[in-house]
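Input: a single structure, listed below in structure tokens.
Please treat every number below as a calculation from the coordinates, not as lab data. Here the structure is a predicted model, which is why all the values come from computation and not from measurement. With ideal geometry, Cβ positions are generated from the backbone for all residues, glycine too; neighbour counts draw on all protein chains shown.
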Amino acid sequence: MKRVFIKSLIATVALAALGVASAQDKTIKFANQNAAGHPIIQGMEKFKEIVEKNSGGKLKVNVFPAGALGSDQANVSAIQGGTLEMASMNSGIFASQVRDFSVFDFPFMFASGQEADAVVDGAFGKKMHAKLEEKGLVGLGFYELGFRHVTNGRRAINKVSDIDGLKLRVIPNPINVDWVKALGANPTPLPFPELYAALEQKAVDGQENPVATINGAKLFEVQKHMVLTGHQYNPQSVVISKKFWDTLSAAEKKILSDAAAESSKFQRTQARAQEASLLENLKKNGMQVTTLPAAEVAILRDKMKPVIAKHGEAIAATVAELQAELTKLRK
């Protein structure tokens with residue numbers, strides 16, 4: 001009887017210990033709008049690999065691509081509420097939380113990905129992410145979505161005036177609506193998960209996104225023409241819920257921060273290495289790709305200037321700070 005009691009006691013203690021261990025394990029849901037295989041998703045999977053390895057499995061990461069957990073806007077609300085732990089999304093989307101973030105959507109702001117790296121990885125990027133904390137968001141780093149280009153299903157774009165009259169889907173924020181209007185086109189704000197159907201049903205004529213996103217979403221199935229405008233560069237903020245962050249130990253926070261930094265470098269390398277082959281894949285799948293002559297690019301830039309001036313007024317100090325950083329880099 002005594003032996004049975006001891007065995008029972010040992011089993012109870014073991015179960016209790018297992019319960020404590022399970023309670024200490026934490027699972028992180030990590031969301032993004034791009035399809036599986038996209039360089040952003042590859043970066044998230046690298047983050048998962050690093051975190052799970054360095055935490056000995058105590059921190060688990062589940063990656064949710066293709067808008068599986070809703071739109072970017074829905075993800076922001078869920079992160080703030082603590083029902084979603086992490087997401088990666090265009091930094092400019094956070095302008096609805098902190099107006100200064102609209103600077104990341106200014107047309108022709110960055111000349112290259114490497115230039116953007118220096119800005120977002122430096123003091124400017126850290127200062128910007130720090131502004132999100134009072135909104136319930138903690139920025140861990142920046143991935144790269146890349147330079148955006150225009151596609152449509154109606155006609156080839158050989159000059160800026162060819163964009164006139166097109167109905168273009170844009171990211172739902174004011175600066176994107178305004179630059180499309182400045183080109184004489186009709187902006188239609190839509191969450192990314194709704195884009196393919198809108199193009200297929202011809203509710204919109206076209207859209208604008210980087211090469212990897214156009215390829216990953218198979219937009220070549222519903223779009224025939226693409227013009228390499230490179231009109232915007234999108235850094236992607238990797239953010240985590242402050243409610244969740246505050247439950248973590250210092251060691252756990254370091255694991256996540258280090259993983260974000262390492263996976264960011266990996267992700268950008270992947271994105272840049274794959275772009276040429278992805279562009280070729282678009283062509284193989286029937287997209288007709290054009291490049292604007294230098295004179296037309298100059299016209300495009302001129303048409304964007306009033307938009308930049310309008311949206312720069314409200315965040316003049318941030319714009320000046322970013323431009324000062326860029327001036328230093330370009331010397």
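When mean projected area of the Cα convex hull in nm² is calculated for this entry, the matching label among (1) 19.8; (2) 17.5; (3) 16.7 is (1).
Give, as a single signed number, the net charge of other residues whose beta carbon lies under 12 Å from the beta carbon of LYS310, with Lys and Arg counted +1 and Asp and Glu -1. Write down the numbers at each step before the final one.
Details: positive: LYS181, LYS305; negative: ASP178, GLU313.
Here the charged neighbours net out to 0.
Which Cα, out of ASN281, GLY56, TRP245, lies furthest along the positive dipole direction of the chain (beta carbon charges, K/R +1, D/E -1)? Result: GLY56, furthest along the dipole toward the positive end. Between ARG155 and LYS310, the C-beta separation translates, for a Förster distance of 30 Å, into a calculated FRET efficiency of about 0.55.
Taking label points 7 Å from Cα along the Cα-to-Cβ direction, ALA295 and LYS135 give a separation of 4.3 nm. For the stretch 168-312, lysine pairs with C-alpha atoms less than 22 angstrom apart, excluding pairs fewer than eight positions apart on the same chain, total 17. Global dimensions of the stretch 68-117 from alpha-carbon coordinates: Rg and Dmax equal 13.0, 37 Å.
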